[in-house]
Amino acid sequence: MHAIEYSERFPDKVIRILKYILFIPILFMLKTTTYVPDIVPDFTSLLYWGVPYLLIGYALHIYSYFTELDPEKKVIRFTTFSIMHPIMLSALVFNYIIRAFDNKDQYFRIVVVFVLLSFILFLWKALDKNGLGSMNGIKIYRKQNHIKTNRAILTGTNLINHAIKNQVYKINTGIKLLKRNMPNLTPVSKESVDMIESSSTHLMNMVETLNNKTQEIKIIKTKNDINQLLDEVLENLKSEFRERNISIQKHYALDEALVLCAKAPTKEVFMNLLRNSMEAMEGKGQIQVRTSKHIGNKIVVTLSDNGIGIAADHLKHVKDPFFTTKKTNTNFGWGLYYCYDVMMKSDGSLAIDSEVNKGTTIKLTFLAKG
């Protein structure tokens, strides 16, 4: 049943039926098992149904691995296969096949050796920073969960946008009809029509802005020098820094910091974060921009400011969509979520550390490309 569920190759209806059908042999085993003086299963019966079960499950795992099209899920399948199946194969041979013919010698104890080897392999894959490890299974699961959540949010937002736009169009049509009869309206009525028209135009602009901001981001990773991308963004913002009296300090640990990322969205991330830092400054301020090589195949970009900081109760929500502390009609709380979304889809990460009245530090982690 694990192989059937895990393979993701069977319809839900078939799975529901199989979980009852495949349980039937176990009921027969209750009758053929010896209970006194010790509990001893009928290993001959197990040979006829347990061995086929294991072999079919083994084959399903192999089939699902070779037919998997998603490269990230393929990694998960390979990891699961390599950890789980040495144990299953050893149990198949020593605990099922051999014991059906020789139940006196305790060959089944050899299975413990394979369990230990698989556990060591599990630890390596879980903790290795350069290979398939570093808890990659958990990271990939989190990424997939984030993508599913993001798509659900975007779908819901787009439906709401569409519904609002339809109603605003109706309001605008009604206003046009009223304006044709403007000469017949009283001054108060004319003022009301102008007010409704102004509000509907503003609402339509907000809907269009939100619609533009909530389009799904397509990430196509290429090799880029992160130092160069940062320099291009800093150059674009140079006049804004000067106008706000903000100084920039750059510290690049590497002459060339090649990473895998999508160029335009990554520059947009830097732009959003640096503008956030500017808005957090009260008077003269300073922003530090650093790049460094991290342990393992990672490059870290650190953006630090000495602004007003973020309160602890807000900090845990700043990456949530539509969360904002800015009291403006044009802010939708999408900026940091956009940054987080880009980094997740780029196989990177975004971490925020902040303290009120001391400043904020944001760390962006990218996969290095040698």
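The values are calculated or read from the model by the stated rules, or taken from the named source; none is laboratory data. Since this is a predicted model, take the numbers as computed values, not measurements. Because the Cβ atoms are built from the backbone with ideal geometry, glycine has one as well, and the counts that use them run over all protein chains shown. In case anyone asks, the SASA skips ligands and DNA or RNA and just uses the protein heavy atoms, side chains included. Shrake-Rupley method; radii C 1.70, N 1.55, O 1.52, S 1.80 Å.
Just one of Lys148, Lys125, Lys165, Lys139 is closer than 30 Å to Ile83 by Cα, open to solvent by less than 80 Å² (accessible area, probe 1.4 Å), modelled with pLDDT under 75 and assigned to a helix (DSSP H, G or I); which is it?
Lys125
When segment 42-58 is examined, which residues are found to be touching a helix residue (DSSP H, G or I) at 6+ places or on another chain (Cβ under 8 Å), open to solvent by less than 80 Å² (accessible area, probe 1.4 Å) and closer than 19 Å to Phe108 by Cα?
Those that are touching a helix residue (DSSP H, G or I) at 6+ places or on another chain (Cβ under 8 Å), open to solvent by less than 80 Å² (accessible area, probe 1.4 Å) and closer than 19 Å to Phe108 by Cα: Asp42, Phe43, Thr44, Ser45, Leu46, Leu47, Trp49, Gly50, Val51, Leu54.
Output the residues belonging to segment 42-68 that are over 17 Å from Ile97 (Cα atoms), of a type in the set (Val, Ile, Thr) and either in contact with a Pro (Cβ under 9 Å, 6 or more places away or on another chain) or modelled with pLDDT of 85 or more (or both).
Ile62
Can you pull out the residues in segment 242-289 that are assigned to a loop (DSSP other than H, G, I, E, B) and open to solvent by less than 60 Å² (accessible area, probe 1.4 Å)?
Leu254, Ala257, Ala262, Ala280, Met281, Gly283
Exactly one condition in (1) surrounded by 17 or more Cβ atoms within 10 Å (Cβ to Cβ); (2) closer than 17 Å to Phe114 by Cβ; (3) of a type outside the set (Gly, Ala, Ser) is false for Leu89; which is it?
(1)
Take Leu117 and tell me if it is open to solvent by 50 Å² or more (accessible area, probe 1.4 Å) and touching a Pro at 6+ places or on another chain (Cβ under 8 Å).
Judged against the criteria, Leu117 is a match.
How many residues, within segment 217-231, are open to solvent by less than 50 Å² (accessible area, probe 1.4 Å) and in a helix (DSSP H, G or I)?
The qualifying residues number 4.
If I ask for residues that are within 19 Å of Asp102 (Cβ to Cβ) and touching a helix residue (DSSP H, G or I) at 6+ places or on another chain (Cβ under 8 Å), which ones from segment 22-41 would you list?
Result: Thr32, Pro41.
Taking segment 6-16, which residues are free of Cβ contacts under 8 Å to residues at least 24 places away in the same chain, surrounded by 12 or more Cβ atoms within 10 Å (Cβ to Cβ) and assigned to a helix (DSSP H, G or I)?
Of everything in segment 6-16, just one residue is free of Cβ contacts under 8 Å to residues at least 24 places away in the same chain, surrounded by 12 or more Cβ atoms within 10 Å (Cβ to Cβ) and assigned to a helix (DSSP H, G or I), namely Ile15.
Take segment 92-114 and flag every residue that is part of a loop (DSSP other than H, G, I, E, B) and either open to solvent by less than 60 Å² (accessible area, probe 1.4 Å) or in contact with a strand residue (DSSP E or B) (Cβ under 7 Å, 6 or more places away or on another chain) (or both).
The first filter runs over segment 92-114 and keeps only residues part of a loop (DSSP other than H, G, I, E, B), leaving 102-106.
Listed by number, the list holds a single entry, Asp102.
Among (1) without any contact (Cβ under 8 Å) to a residue 24 or more places away in the chain; (2) open to solvent by 70 Å² or more (accessible area, probe 1.4 Å); (3) more than 24 Å from Asn95 (Cα to Cα); (4) outside any helix (DSSP H, G or I), which single condition is Asp38 missing?
Among (1) without any contact (Cβ under 8 Å) to a residue 24 or more places away in the chain; (2) open to solvent by 70 Å² or more (accessible area, probe 1.4 Å); (3) more than 24 Å from Asn95 (Cα to Cα); (4) outside any helix (DSSP H, G or I), the lone unmet condition for Asp38 is (3).
Right, Tyr20: aromatic (Phe, Trp, Tyr), out of contact with any His (no Cβ under 9 Å at 6 or more places or on another chain), at pLDDT 85 or above and surrounded by 11 or more Cβ atoms within 10 Å (Cβ to Cβ) or not?
When the stated conditions are applied, Tyr20 does not pass them.
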